[in-house]
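Working notes, structure below.
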């Protein structure tokens, strides 16, 4: 006990007190669409270089689907007009799939009505990975002393029977669809689903293939979407708190 206290005093508190800080300047982050005028169809470089076809250019309008974006940042490097730029925010989670679609054309903001669920104080999560080790590692990182997701009353459990939320990573291929559904059915109501990572949201690079790996949205109702490949631990925490109704 004495050695433990000595270590704490010597090391100090390493838990980040500021919630959802911006990423450092040398980080990639996710791309976003700015108000800078696009060169339109005469350019189209961003759409041509995107490996997941997350970008479409029609006339002078650019549409970016973060649910398909893997964050390679190739579009940012090749965009000559600055219409697509880096977004260093870690508050990237949203409540609806439509909110992940960004456009240079002005449109009405999607204002979802959050479900009234009794999870504001605490949440027990059962994670199911369908094949995305990168996201799994970032989720593990969210539980360490730096991010300390447990301080928000969030805990991971081994059985779906003790879980309030099902957190899904990976593209949800055909072989994992039935196990995922069985896990969801074993949970007591009310229950929520959180999709973490591009693969879980849309299938990402794997969508449209023979494995039917198109994400979790077609199988289960999703309460919170966390884009990125993989998302930052703060983005994951933001998505979980969003599903709880705390942000």
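The values are calculated or read from the model by the stated rules, or taken from the named source; none is laboratory data. All figures in this text were calculated on a predicted structure; none of them were measured in a lab. Cβ placement follows ideal geometry from the backbone for every residue including glycine, while neighbour counts extend to all protein chains displayed.
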### Query
Residue check: is residue 241 assigned to a loop (DSSP other than H, G, I, E, B), in contact (Cβ under 8 Å) with a residue 40 or more places away in the chain and under 23 Å from residue 164 (Cβ atoms)?
no
### Task
Check off (1) surrounded by fewer than 17 Cβ atoms within 10 Å (Cβ to Cβ); (2) on the phi < 0 side of the Ramachandran plot; (3) out of contact with any helix residue (DSSP H, G or I) (no Cβ under 6 Å at 6 or more places or on another chain) for residue 186 and give me the number that stays unchecked.
(3)
### Message
Go through the stretch 220-238 and report how many residues are in a loop (DSSP other than H, G, I, E, B) and under 10 Å from the mean Cα position of the chain (by Cα).
### Response
6
## Note on the structure
Scanning the stretch 45-70 for residues that are out of contact with any helix residue (DSSP H, G or I) (no Cβ under 6 Å at 6 or more places or on another chain), touching a residue at least 24 places away in the same chain (Cβ under 8 Å) and either assigned by TED's automatic domain parsing to the domain that holds residue 201 or surrounded by fewer than 17 Cβ atoms within 10 Å (Cβ to Cβ) (or both) gives 51, 61, 63
### Query
When the stretch 177-219 is examined, which residues are found to be over 22 Å from residue 97 (Cα atoms) and outside any loop (DSSP other than H, G, I, E, B)?
178, 179, 182, 183, 185
### Query
Would you call residue 138 in the same structural domain as residue 219 (by TED's automatic domain parsing), loosely packed, with under 15 Cβ neighbours inside 10 Å and either in contact (Cβ under 8 Å) with a residue 60 or more places away in the chain or not in a loop (DSSP other than H, G, I, E, B) (or both)?
no
### Task
Of all residues in the stretch 159-176, count the ones that are more than 14 Å from residue 217 (Cα to Cα) and in a strand (DSSP E or B).
1
### Query
When only residues in the stretch 26-35 that are in contact (Cβ under 8 Å) with a residue 60 or more places away in the chain and touching a strand residue (DSSP E or B) at 6+ places or on another chain (Cβ under 9 Å) count, which is surrounded by the fewest Cβ atoms within 10 Å (Cβ to Cβ)?
27
### Query
In the stretch 16-45, which residues are at pLDDT 75 or above and over 22 Å from the mean Cα position of the chain (by Cα)?
35, 36, 37, 38, 39, 43, 44, 45
### Task
Return only the number of the condition from (1) buried (at least 20 other Cβ atoms within 10 Å of the Cβ); (2) touching a helix residue (DSSP H, G or I) at 6+ places or on another chain (Cβ under 8 Å); (3) closer than 20 Å to residue 117 by Cβ that residue 170 does not satisfy.
(3)
### Query
Of all residues in the stretch 87-130 being at pLDDT 95 or above, in a loop (DSSP other than H, G, I, E, B) and in contact with a helix residue (DSSP H, G or I) (Cβ under 6 Å, 6 or more places away or on another chain), which is nearest to residue 178 (Cα to Cα)?
130
